[in-house]
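Everything on this sheet refers to the single structure shown next.
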Amino acid sequence: MTEAKGAGVPVGAPAEDLSFEEALARLEAVVARLEKGDEPLETALELFEEGIRLSRLLTAKLEEAQARIDEVVADGAGGTVLRPFEPGDAGEDDA
């Protein structure tokens, strides 16, 4: 396998095998190639399709990460309860 120029990620590596950072680097490389505008139509379409797959993979990985982020909160009875992290909760005091 060859590497995407500047991305350090093997071209054609199965997207599911990539870490979040590797998938993001690969997507950035795909976008850069498409933005140059000098790819033949067929290659551009293949790159576009790969970009869509990578975008969906990254979205799924972000959703999975958000689902894993739970915040432990006092329940008022001296115990704690797990509740899903809500964006915007950071730094707020529940007292």
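Hey, got the dipole for the range 15-68? About the Cα centre, +1 on K and R Cβ, -1 on D and E Cβ, debye to the nearest 20?
220 debye
Report ³J(HN,Hα) in whole Hz for each residue of the range 50-63, in order, from the Karplus equation J = 6.51 cos²θ - 1.76 cosθ + 1.60 where θ = phi - 60°; Gly and Pro get x.
With the stated coefficients, the range 50-63 comes to 5, x, 5, 4, 5, 4, 5, 4, 4, 4, 5, 5, 5, 5 Hz.
Which ³J(HN,Hα) values, rounded to whole Hz and listed in residue order, are derived for the range 24-33 from phi using the Karplus coefficients 6.51, -1.76 and 1.60 in 6.51 cos²θ - 1.76 cosθ + 1.60 with θ = phi - 60°, glycine and proline given as x?
5, 4, 5, 4, 4, 5, 4, 4, 4, 5
Can you tally the net charge around Phe20? Count Lys and Arg as +1, Asp and Glu as -1, for every other residue whose Cβ sits under 14 Å from the Cβ of Phe20.
Neighbourhood net charge equals -3.
Apply the Kirkwood formula to the range 15-68: the hydrodynamic radius equals the inverse of the mean of 1/r over all pairs of different alpha-carbon atoms; give it in Å with one decimal.
The answer is 11.7 Å.
Show me 49-57, 15-23 ranked by packing, highest mean number of other Cβ atoms within 10 Å first.
In descending order of packing, they fall as 49-57, 15-23.
With unit charges on the beta carbon (Lys/Arg positive, Asp/Glu negative), name the residue among Val31, Ala65, Leu45 whose Cα is farthest towards the positive pole of the charge dipole of the range 15-68.
It is Ala65, whose Cα lies furthest towards the positive end.
Where a number appears in this text, it was derived from the coordinates with a stated rule and is not lab data. Bear in mind the structure is a predicted one, so any value in this text is a computation, not a measurement. Because the Cβ atoms are built from the backbone with ideal geometry, glycine has one as well, and the counts that use them run over all protein chains shown.
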